[in-house]
Amino acid sequence: MSEVSATAPGKIILFGEHAVVHGQPAIAVPVRSVWSRAVVRPGRAGGGAVIIAANLARTIVVRPDVQSGDHPLAEAARILCRYLGRPLPDVYVLLHSTIPVASGLGSGAAATTALMRALCLAIGVSLDDATLNSLVYEVEKLYHGTPSGIDNTVIVYNRPVYFRRDEGMQTFAIGAPLHIVIADTGIASPTHQAVGDVRQLYEAEPSRLGLLFERIGEIVRLARQAIANGDVIALGSLMRENHALLRDLTVSCPELDMLAAVAEEAGARGAKLSGAGRGGNLIALIEPECAGAVTEALLRAGARRVICEVLS
Ligand code: PMV
């Protein structure tokens, strides 16, 4: 076996996070300026799969005779080989990622996707996207408990998706290029915690939360239309409303609210948190000529890093 490698992009949720866990649709797009990459090389005979996760500063040894249970990446290798009916290969896997961890950019799903794709190449089998997606979803459950499946779907298919939990994904048209700015609060926020808290709130107040989820679902449908029409003004105001509803779901935080206000003051059409919230990333929709002003304002206000992405 010679050296093989595979790459998977990051992702961002444009509309519908949290409500998507409760059956509403959501829209997500790949973010290709950040990525996770797995390079597989031949390993020591009998040594199993040795995953060197550079960003996590961790080496994970996966062997058939050792019950892993320690890291989702080890389980990813096992789930794949179990599905393929193949023994774990003796390989070194160098995993490198530019996607910040626990910040709503899909770092876990991208690492799993890159790992599984590269292992398939090393073993000499090919998997269709639908099968790979269902395997990556199994690993997502280890990271997040009850994930909707939107992260793995947008990352495996590497294209914009309109996603509904029980219906899977549809692709959709982007009428005119959309310019977004993604600002990292620098606050790591575990998805399972925020998702669990929203679930508890839903159990305590089902009718109020049910209405919030329904309105978010409506926003997602309107946003899909506005994206198809290239209507940036409508999209901006839908973003603002979606952010306010996420605040009602208790998943915003002072830093996200402040960065949203800063982006809008600097000329963004609208801004909202993206992903699990309580930290992680803010996204702002801009006209291209505002990119510099919005980026500078966000960095001045304390954003750790800012990514400009054009969606088309
Ligand atoms: O922050 P992320 O990338 O883990 O996204 C979470 C999105 C949620 O809707 C909050 C959860 C989910 O599984 O869809």
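General remarks:
- Solvent-accessible ranking of 116, 258, 1, 169, largest area first, probe 1.4 Å: 1, 258, 169, 116
- Taken as Cα centroids, segment 256-312 and segment 115-175 sit 27 Å apart, rounded to the nearest whole angstrom.
- For segment 23-117, the percent of C-alpha pairs falling in each 5 Å distance bin, counted from 0 to the bin holding the largest distance, reads 3, 13, 23, 24, 16, 10, 7, 3, 1, 0.
- Against the chain, whose longest principal axis comes from its Cα atoms, helix 254-265 is set at around 60 degrees.
- Residue-span extension gain [residue 310 to residue 214] - 0.36 nm each, minus C-alpha spacing: 31.7 nm
- Residue 213 contributes an accessible area of around 10 Å² to the protein surface, as traced by a 1.4 Å probe with all chains present.
- Rounded to the nearest 5, the antiparallel percentage of DSSP beta bridges internal to segment 19-166 is 75%.
- Accessible area per residue for the chain is 41 Å², calculated with a 1.4 Å probe on protein heavy atoms, without ligands, DNA or RNA.
- Label point at residue 71 placed 7 Å out along Cα→Cβ; residues across segment 19-46 whose backbone nitrogen lies under 18 Å: 36-44
- DSSP beta bridge pairing in the chain, given as percent antiparallel to the nearest 5: 90 percent
- 0 to 90° range, to nearest 10: angle between helix 72-84 axis and the chain longest Cα axis: 60 degrees
- Cα shape, segment 120-220, gyration tensor, a/c 1.5 rule: prolate
- Carbon and sulfur %, accessible surface of the chain computed with the full protein complex present, 1.4 Å: 51 percent
- Shape of segment 250-293, Cα gyration tensor, a/c cut at 1.5: prolate
- GNM result for the chain, Cα springs below 10 Å: residue of 200, 24, 225 fluctuating most strongly: 200
- 0 to 90° range, to nearest 10: angle between helix 232-248 axis and the chain longest Cα axis: 80 degrees
- Solvent-free Debye calculation, one equal scatterer per alpha-carbon of the chain: log10 I(q)/I(0) at 0.09, 0.12, 0.15 Å⁻¹ equals -0.45, -0.77, -1.12.
- Cα-based shape type of segment 174-233, given that a ≥ b ≥ c are square roots of the gyration tensor eigenvalues and the cut on a/c is 1.5: oblate
- Longest DSSP-loop-exposure-free segment, trypsin sites (Lys or Arg not before Pro), the chain, at most 15 other Cβ within 10 Å: 45-303
The values are calculated or read from the model by the stated rules, or taken from the named source; none is laboratory data. Just so you know, these numbers come straight off a predicted model, no measurement behind them. Reconstructed Cβ throughout: ideal geometry from the backbone, glycine too, with neighbour counts over all protein chains shown. SASA here: full protein model, heavy atoms, side chains in, ligands and nucleic acids out. Shrake-Rupley method; radii C 1.70, N 1.55, O 1.52, S 1.80 Å.
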